[in-house]
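Q: What follows is a single structure, and I will ask about it in a moment.
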Amino acid sequence: MTAELATRGITKSFGGVQALAECTLTAPSGQITGLIGPNGSGKTTLFNIITGYERPDAGQVFLGSQEITKAAPRRVFALGVGRTFQLTRIFPRLTVLENMLVPSGHLRGGPAGSPGQRNSAGGGRGHRERAMELLAFTGIDGLSGALAGTLSYGQRKLLELSYVLVADPAVVLLDEPAGGVNPSLVNHLADRISELNKAGRTFLIVEHNMDFVMGLCHQVTVLDYGTVIASGPPDLIRNDPRVLDAYLGSALLDAQAADEPAVDD
Amino acid sequence: MTAQRTLRAAGLVVLLAVVAVFPLVFTNPTATLFAIDTLIFVIVASAWNMFSGFSGYLSLGHAVFYGTGAYFMAVAANDWHMNGSAAFELLPLAGLVAALIAVPVGLIALRVRRHTFVVITIAFFFIAQLAASNLSVTGGSSGLILPSPPFASATFNNPFYYLAAVLAVLTVALAWLVRRSRYGLQLRAIRDDEDRAAGLGVRTMPVKLSALVLSAFITGMAGALWVYFIGTAYPMFVFDPLFDLAVVLMAFFGGLGTIAGPVLGALVLEPAQQWLTLQTTGYESEILFGALFLVIILFLPRGVLPTAAEYLTKGRAVLARRRERPPGQSPSELAESRGGSSRS
Ligand SMILES: Nc1ncnc2c1ncn2[C@@H]1O[C@H](COP(=O)(O)OP(=O)(O)OP(=O)(O)O)[C@@H](O)[C@H]1O
Ligand SMILES: [Mg+2]
């Protein structure tokens with residue numbers, strides 16, 4: 001079982017800057033939802049509000065039927081929502097394996113086998129073994145003894161994804177997982193996300209790499225000036241005039257141009 | 001690796017043996033006096049490091065706990081007429097009183113971070129010093145005199161020496177246990193990124209506060225032992241601003257957040273300080289120490305041991321690279337070839 005994540009009418013301004021205005025969106029259970037929009041359209045701010053790092057001026061956040069609007073980050077995490085940061089936040093002076101041991105692996109108050117605990121059903125296995133399994137899954141187990149601060153940017157992104165998975169979150173929020181990552185790692189990352197999703201996890205992914213978003217996501221929501229301007233399957237979104245408008249002259253158009261000849265053929 | 005581990009174990013055994021026989025070989029009371037001072041700083045620097053080094057919250061107010069333990073000892077030994085080895089039984093109680101004081105101090109100071117935290121710990125120090133100079137229970141500025149221990153004068157220092165040695169060994173062992181525990185990991189995660197740690201389920205306040213309380217407990221015991229040894233308690237010596245600077249310098253010198261670092265710092269710097277004080281008149285030794293502080297913060301901010309370890313690792317990596325061919329392009333190898341320079 002996984003959970004649906006939804007926001008309703010989220011509004012937030014910083015001084016005079018309106019970062020979010022009546023933002024309402026849904027990341028349906030068991031799906032990969034893309035969240036795109038031009039720079040400064042409020043994507044990261046929305047993540048911060050969902051995960052309790054910021055308070056909204058108005059609006060609500062729901063996890064399934066439960067309202068989590070004012071929950072602190074620790075509680076949101078305990079309820080099964082894990083996230084990564086646009087600029088990764090790993091623990092640089094801990095080793096990669098130690099980073100993996102920071103999150104509590106048994107956070108949810110529920111009984112063993114409660115939502116999201118699929119991988120730890122075996123019981124007696126140690127925290128450490130599970131950490132090594134996850135590192136092997138993301139492909140950085142060879143670095144378990146290295147100080148996290150010595151990792152490359154792409155490796156940090158993989159590490160942050162890995163330790164978020166330690167607690168078996170039902171919902172995973174990724175803020176630009178492919179940004180600045182070596183192209184050979186981007187496909188690796190997409191495969192891993194896809195695999196985790198097939199095991200039942202819900203994803204909400206902010207990403208500027210349009211090939212990545214369009215190839216991976218079941219549905220895409222577009223933010224512009226803090227408001228949702230479009231939402232739907234990737235094929236509809238990439239041809240939506242409002243989206244093209246918002247993105248005029250930026251990444252989506254480039255991706256569009258590259259795709260067009262193939263479509264016309 | 002196993003060779004290295006054997007070497008380390010052997011070094012530890014030799015060190016413990018030296019500590020055990022020192023007063024038998026050096027019977028001169030001045031030598032044991034220096035040694036007791038040094039051991040007390042091993043205890044306090046390790047205890048300080050267990051909180052500040054692991055969590056990143058730099059306390060300049062540990063003298064509050066040291067002084068609290070000391071004054072408790074002075075008052076209790078007098079009021080309850082405890083002397084000799086019976087007085088030593090007061091040490092855990094002195095630690096407990098210091099730990100109790102650490103609870104409100106922590107609840108207030110641990111709400112803020114970095115510079116603000118440091119400033120608040122300094123403020124607590126001055127409050128404690130002021131209180132000690134003005135309260136009647138501490139004897140105000142005229143101080144307190146403790147009962148004189150009934151030990152034979154030839155070996156007068158030895159009970160203090162061995163007690164300090166046992167406490168030092170226990171403290172270092174405890175620091176080692178804490179560092180390799182999940183609790184220690186959480187402390188070090190707080191040091192690196194407290195908000196992120198909280199967002200991953202770490203209960204940051206209880207973790208920080210308990211570390212401070214534990215550190216204060218040990219520091220209070222050390223203060224009690226020290227005051228019983230010197231026999232008098234005056235506010236300006238019991239609450240000494242140079243005490244905190246010395247402790248911080250020792251931990252920084254050896255390596256903040258390591259186990260051996262504060263021990264090395266105390267073993268090198270306390271005897272050096274004592275020796276300098278003997279060689280010079282007036283304030284030269286303190287000026288020299290201030291200069292040393294600057295040199296360490298500027299050139300060895302991570303301490304002697306981590307810096308040495310880094311050079312060793314780099315040297316080994318260079319050797320290994322000469323032997324092996326460059327790795328392929330799996331994700332882990334990719335990072336190995338690209339990372340490596342971004343350590344802070
Ligand atoms: N803490 C803050 N203080 C002031 N302004 C902020 C703050 N956080 C965000 N903003 C502003 O809110 C707006 C939305 O920012 P946000 O980071 O959410 O955008 P984004 O969609 O994530 O952009 P990007 O694609 O560049 O990451 C921007 O105008 C930004 O400058
Ligand atoms: Mg952003």
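Q: Among B:Leu225, B:Leu214, which is the only one that is in contact (Cβ under 8 Å) with a residue 60 or more places away in the chain and surrounded by fewer than 21 Cβ atoms within 10 Å (Cβ to Cβ)?
A: Exactly one residue qualifies, and that residue is B:Leu214.
Q: Something else: Within the set of pairs 6 or more residues apart or between chains, which connect a residue that is under 21 Å from B:Trp226 (Cα atoms) inside the range B:167-179 to a residue that is surrounded by fewer than 19 Cβ atoms within 10 Å (Cβ to Cβ) with Cβ atoms less than 6 Å apart?
A: Here the result reads none, with nothing in the range B:167-179 linked to a residue that is surrounded by fewer than 19 Cβ atoms within 10 Å (Cβ to Cβ).
Q: Could you please find all residues in the range B:230-251 being open to solvent by 30 Å² or more (accessible area, probe 1.4 Å) and either in contact with a helix residue (DSSP H, G or I) (Cβ under 6 Å, 6 or more places away or on another chain) or within 28 Å of B:Gly84 (Cα to Cα) (or both)?
A: B:Ile230, B:Thr232, B:Tyr234, B:Met236, B:Phe237, B:Asp240, listed by residue number.
Q: If you check B:Asn158 against the conditions, is it surrounded by 15 or more Cβ atoms within 10 Å (Cβ to Cβ) and not hydroxyl-bearing (Ser, Thr, Tyr)?
A: yes
Q: Scanning for something within 16 Å of ligand 2 (Cβ to nearest atom), more than 23 Å from A:Asp211 (Cβ to Cβ) and within 14 Å of chain B (Cβ to nearest Cβ), does the range A:12-31 turn up at least one residue?
A: No, the range A:12-31 has no match at all.
Q: From the list B:Gly223, B:Gly199, B:Gly255, pick out the single residue that is under 15 Å from the mean Cα position of the chain (by Cα) and within 14 Å of chain A (Cβ to nearest Cβ).
A: B:Gly255
Q: I'd like to check which helices (runs of 4 or more DSSP H) are fully inside the range B:2-120 and have at least 2 residues that are in contact with a helix residue (DSSP H, G or I) (Cβ under 7 Å, 6 or more places away or on another chain) and within 25 Å of B:Asp192 (Cβ to Cβ).
A: Counting at least 2 such residues, we get B:29-48, B:91-109.
Q: Determine, yes or no, whether A:Ile10 is assigned to a strand (DSSP E or B) and among the aliphatic types (A, V, I, L, M).
A: So A:Ile10 fits the description; yes.
Q: Let me ask you something else. For the range B:108-147, give me the residue count where each residue is over 29 Å from B:Trp80 (Cβ atoms) and open to solvent by 70 Å² or more (accessible area, probe 1.4 Å).
A: Count: 8.
Q: Could you list, ordered by first residue, the pairs with Cβ atoms under 8 Å in which the first is in the range A:37-66 and in the same structural domain as A:Thr227 (by TED's automatic domain parsing) and at pLDDT 90 or above and the second is away from ligand 1 (no atom under 12 Å from the Cβ) and acidic (Asp, Glu), at least 6 apart or interchain?
A: A:Tyr53/B:Asp195; A:Gly59/A:Glu22; A:Gln60/A:Glu67; A:Val61/A:Glu67; A:Phe62/A:Glu4; A:Leu63/A:Glu4
Q: Now a separate question. For the range B:252-287, enumerate the residues that are at pLDDT 80 or above and open to solvent by 50 Å² or more (accessible area, probe 1.4 Å).
A: Across the range B:252-287, the qualifying residues are B:Leu256, B:Ala260, B:Leu264, B:Leu267, B:Val268, B:Trp275, B:Ile287.
Q: I've got another one for you. Show the residue pairs that are 6+ apart or on different chains and have beta-carbon atoms under 6 Å apart, the first residue being within the range A:131-155 and more than 7 Å from chain B (Cβ to nearest Cβ), the second being among the small types (Gly, Ala, Ser) and open to solvent by less than 10 Å² (accessible area, probe 1.4 Å).
A: A:Leu134/A:Ser162; A:Leu135/A:Ser162; A:Thr138/A:Ser162
Q: Report whether or not A:Gly34 is under 27 Å from A:Leu216 (Cβ atoms), in contact (Cβ under 8 Å) with a residue 24 or more places away in the chain, in contact with a His (Cβ under 9 Å, 6 or more places away or on another chain) and within 16 Å of ligand 2 (Cβ to nearest atom). So that I can check it myself, show each step before the final result.
A: On the way: under 27 Å from A:Leu216 (Cβ atoms): yes; in contact (Cβ under 8 Å) with a residue 24 or more places away in the chain: yes; in contact with a His (Cβ under 9 Å, 6 or more places away or on another chain): yes; within 16 Å of ligand 2 (Cβ to nearest atom): yes.
Judged against the criteria, A:Gly34 is a match.
Q: Restricting attention to the range A:32-72, which residues are closer than 13 Å to A:Glu4 by Cα and more than 12 Å from the chain's Cα centre (by Cα)?
A: Pass one, the range A:32-72, residues closer than 13 Å to A:Glu4 by Cα: A:32-33, A:50, A:61-68.
If the condition is that a residue be closer than 13 Å to A:Glu4 by Cα and more than 12 Å from the chain's Cα centre (by Cα), then A:Val61, A:Phe62, A:Leu63, A:Gly64, A:Ser65, A:Gln66, A:Glu67, A:Ile68 are the ones that fit.
Q: What is the number of the single condition among (1) within 14 Å of chain B (Cβ to nearest Cβ); (2) in a helix (DSSP H, G or I); (3) open to solvent by 20 Å² or more (accessible area, probe 1.4 Å) that A:Val76 does not meet?
A: (3)
Q: Among residues belonging to the range A:30-42 that are under 18 Å from A:Gly82 (Cβ atoms) and open to solvent by less than 60 Å² (accessible area, probe 1.4 Å), point out the one that is farthest from ligand 1 (Cβ to nearest atom).
A: Per the stated criteria, the residue is A:Gly30.
Q: With the structure loaded, tell me whether A:Arg83 is within 16 Å of ligand 2 (Cβ to nearest atom), within 18 Å of A:Asn197 (Cβ to Cβ) and either within 14 Å of chain B (Cβ to nearest Cβ) or touching a strand residue (DSSP E or B) at 6+ places or on another chain (Cβ under 6 Å) (or both) or whether it fails that test.
A: yes
The values are calculated or read from the model by the stated rules, or taken from the named source; none is laboratory data. No experiment lies behind these values; they were computed from the predicted model shown. Virtual Cβ from ideal backbone geometry, glycine too; neighbours counted across all protein chains shown. Side chains are part of the model used for accessible areas, which takes the heavy atoms of the whole protein and leaves out ligands, DNA and RNA. Shrake-Rupley method; radii C 1.70, N 1.55, O 1.52, S 1.80 Å.
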